[in-house]
Amino acid sequence: QVQLVESGGGLVQPGGSLRLSCAASGSIFSIYRMGWYRQAPGKQRELVAVITSGGTTNYADSVKGRFTISRDNAKNTVSLQMNSLEPEDTAVYYCNVRNNLSGTNYWGKGTLVTVSS
């Protein structure tokens, strides 16, 4: 069983910063791809950023230059540093882990980020 627990969400003013963290536990290995997705009200879930075990990253165009994803393979954690936040970033952010060997995806319950003045 794989469990993902997100933390760090909350209310922040436009232009502010937040750091999200996700701790993975259970039958998980450092080779798994880790990342963040988000879902805004009335919209579909979308990819925000992902990072492979080797450190290769991929970002949504809307967050490039503002968000930075990182991981600690020894601790099985992944973080998302969010700077210059905009109201459009308001969403529930979900941690994701994918087993690249089997294609199996695991999801956290989500943490709400609200960007408002």
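The values are calculated or read from the model by the stated rules, or taken from the named source; none is laboratory data. The structure displayed is predicted, hence computed values, not measured ones. Quick reminder, even Gly has a Cβ in these numbers, built from the backbone with ideal geometry, and neighbours come from all protein chains shown. The protein model used for the area step is the full one, side chains on, heavy atoms only, and it has no ligands, DNA or RNA in it. Shrake-Rupley method; radii C 1.70, N 1.55, O 1.52, S 1.80 Å.
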Taking the Cα centre of the chain as origin, sum charge times position over the Cβ atoms of Lys and Arg (+1) and Asp and Glu (-1), and report the length of that vector in debye to the nearest 20.
240 debye
By a straight-distance test (C-alpha under 13 Å), which aspartates and glutamates pair with Lys109 as possible cross-link partners, with residues fewer than eight away in the same chain excluded?
Glu6
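Could you order peptides 29-41, 104-116 by the average number of other Cβ atoms within 10 Å of their residues, highest first?
So the order, starting with the most tightly packed, is 29-41, 104-116.
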Do any trypsin sites (Lys or Arg not before Pro) in the stretch 51-93 lie in a DSSP loop with no more than 13 other beta carbon atoms within 10 Å, and if so, which?
Lys64, Lys75
Fraction of accessible area attributable to carbon and sulfur, the stretch 1-78 (%, probe 1.4 Å)
47 percent
Hey, if we sort Leu4, Leu101, Leu11 by accessible area with the 1.4 Å probe, largest down, what's the order?
Leu101, Leu11, Leu4
